[in-house]
Ligand code: TXA
Ligand code: MG
């Protein structure tokens, strides 16, 4: 895969040019890899029905074959090619939240090759809310397997530049529609358990889901110690190369910064709100914070730093997705 020439095509986010969409669809039809924008992060797409094409995704990302992919669809007809069963809860959730940042895990259709699902009997599926993603799927008329378009365990990409930095020379094409909107990956909900299980917190909050379908299980507390409910929920994930330390109080963070600087280390602080001009000051609204998080980490990781010190946002449900990504960014395990 290395030694490939990777092309970038600019595309209008809200009115994608048909000729550009067609070029990208041609690459996908011939088994190639196309990075495209979604409302969450950039995805690395391939024809989900073609095992060889999907194999190229794993190769390009350096992703373990046990970590299954999300399949993206644009309508009911394609959805039927992906799933074996579409339970009443799925109908309800999709009606309300699709297109949007909610991925549903359901029994897989035999047409979906094992390589997509890590050999498992279930498939993760979503309809993304981005005009470019939808136009692309519509044009090639194939369900698209698409993980986030980054090297495995590195930071997810929220711009075409992030994709280029990680995957240049390994994929065929990047559609550049500017920065993505939500900035963190979709909420993943497993509908094969009763009640459903939240596997990954994301832009769609627990409160909104529970308001529609009632209480769900949150397996997040078992992430560190229990068996992994989703093979992709590895601890170190979404991580910059620069070591990250987390702090639940600003005082503790400041003390640590002073200590490190005195020891000759180069340090940058990431604070929640405030007016410290020597630090990255992040928005106090959780959606805005999430939208900026990965771009900020990509940027900080490009500086010559020994350490990134981050103030943890409050331990509440609305900050769950951001806290999850920060915890992973700081994890040092495999
Ligand atoms: O927002 C997103 O979801 C982005 C955009 C491109 O759609 N995609 C994304 O894909 O984040 P990826 O591959 O980076 O994360 C997929 C997550 C992983 O945690 C994976 O383990 C889980 O979904 N997953 C996929 N298939 C699954 C399955 N059958 N059962 C349980 N978890 C699954
Ligand atoms: Mg990912």
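The values are calculated or read from the model by the stated rules, or taken from the named source; none is laboratory data. Note that the structure is predicted; figures quoted are calculated from it, not measured. Quick reminder, even Gly has a Cβ in these numbers, built from the backbone with ideal geometry, and neighbours come from all protein chains shown.
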Sort out for me the strands (runs of 3 or more DSSP E) sitting completely within the stretch 261-334 that have 3 or more residues that are within 29 Å of residue 37 (Cβ to Cβ) and not assigned by TED's automatic domain parsing to the domain that holds residue 180.
-> 267-272, 280-282
For residue 283, work out the one condition from (1) touching a helix residue (DSSP H, G or I) at 6+ places or on another chain (Cβ under 9 Å); (2) surrounded by fewer than 16 Cβ atoms within 10 Å (Cβ to Cβ); (3) under 20 Å from residue 332 (Cα atoms) it doesn't fulfil.
-> (3)
From 148, 156, 152, residue being closer than 20 Å to residue 63 by Cβ, outside the structural domain of residue 323 (by TED's automatic domain parsing), in contact (Cβ under 8 Å) with a residue 40 or more places away in the chain and out of contact with any strand residue (DSSP E or B) (no Cβ under 8 Å at 6 or more places or on another chain) = 152
Which condition number in (1) in contact (Cβ under 8 Å) with a residue 40 or more places away in the chain; (2) within 13 Å of ligand 1 (Cβ to nearest atom); (3) touching a strand residue (DSSP E or B) at 6+ places or on another chain (Cβ under 8 Å) is the one that residue 178 fails?
-> (2)
Count - residues of the stretch 103-118 that are buried (at least 22 other Cβ atoms within 10 Å of the Cβ) and within 16 Å of ligand 2 (Cβ to nearest atom) = 3
Assess whether residue 254 counts as being within 29 Å of residue 101 (Cβ to Cβ) and assigned to a helix (DSSP H, G or I).
-> no
Conditions: (1) touching a residue at least 40 places away in the same chain (Cβ under 8 Å); (2) part of a helix (DSSP H, G or I). Residue 161 meets all but one. Number of the miss?
-> (1)
Got at least one residue in the stretch 213-223 being surrounded by fewer than 14 Cβ atoms within 10 Å (Cβ to Cβ) and at pLDDT 95 or above?
-> yes
Residue count, the stretch 69-89 (criterion: surrounded by fewer than 20 Cβ atoms within 10 Å (Cβ to Cβ) and assigned to a helix (DSSP H, G or I)) = 6
Which members of the stretch 183-216 meet the condition of being within 16 Å of ligand 2 (Cβ to nearest atom) and either in contact with a helix residue (DSSP H, G or I) (Cβ under 6 Å, 6 or more places away or on another chain) or not in a loop (DSSP other than H, G, I, E, B) (or both)?
-> 183, 184, 187, 188, 199, 200, 201, 202
Lone qualifier among 60, 48, 24 - being within 21 Å of residue 155 (Cβ to Cβ), buried (at least 24 other Cβ atoms within 10 Å of the Cβ) and touching a helix residue (DSSP H, G or I) at 6+ places or on another chain (Cβ under 9 Å) = 60
Are there any pairs with C-beta distances below 6 angstrom linking a residue in the stretch 114-135 that is under 21 Å from residue 99 (Cα atoms) to a residue that is in a helix (DSSP H, G or I) and within 7 Å of ligand 1 (Cβ to nearest atom), with the two at least 6 apart or on different chains, and if so which?
-> 123/117
